[in-house]
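Please treat every number below as a calculation from the coordinates, not as lab data. The model shown is predicted, which means the values in this text are computed figures rather than measured ones. Note: ideal-geometry Cβ built from the backbone for every residue, glycine included; neighbour counts use all protein chains shown.
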């Protein structure tokens, strides 16, 4: 009788131990699953299961400073927007805004050596005429020098006309080419050239006289005018260009 009770006691204790181990295993499994789920939720990672032998490729996230094709390097990024900063280019050579073209770059000289400009080009503004006492434009420059001082061509050209103008006196007109025409007025009657003659830069065409009645109250001078494409321009700036 005691043997039977001893055996039954052993069997009861074994069963209780197995049951306890099973409960512990279930508890640990449940805790591991719960802990993993909580960690996934905290990190924002969704757990997914895939079949064996399936390779999952995840494209790397774009970094903030990564360059994009087709986007200029000179860019600045703001939140959600991209601002393109224009690339500064080297300034192009400024073209001459006149009809004379390359003649502006040709060699030129003042028609009166060591002369003094006493009345500048007015640029379309009205100035008071000392002789007439009225306000008018001054479409040339007055270069003062003693009577008899040599007057030369500012650049090469062809003499197109020699005239005794009722206002501007003895005048030599020279076509310098490319629409540029020079007017040399208030000369002495004894000019050194004739119509149709070709002249070079610095070649003497006459001498200062006192024949321009419209400016007779001024000291002896050359009244010198230049037109480009038929429009008056500043002779001094033209020569210095």
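Values computed for the structure shown
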{"item": "Spin-label model distance (nm) - residue 163 vs residue 204, 7 Å beyond Cα toward Cβ", "result": "2.7 nm"}
{"item": "Range of Cα positions in the stretch 116-241 per principal axis (Å), largest first", "result": "39, 29, 24"}
{"item": "Order of 156, 128 under a 10 Å beta carbon neighbour criterion, fewest first", "result": "128, 156"}
{"item": "Estimated distance in nm for a label pair at residue 241 and residue 116, the labels positioned 7 Å out from Cα along Cα-to-Cβ", "result": "2.9 nm"}
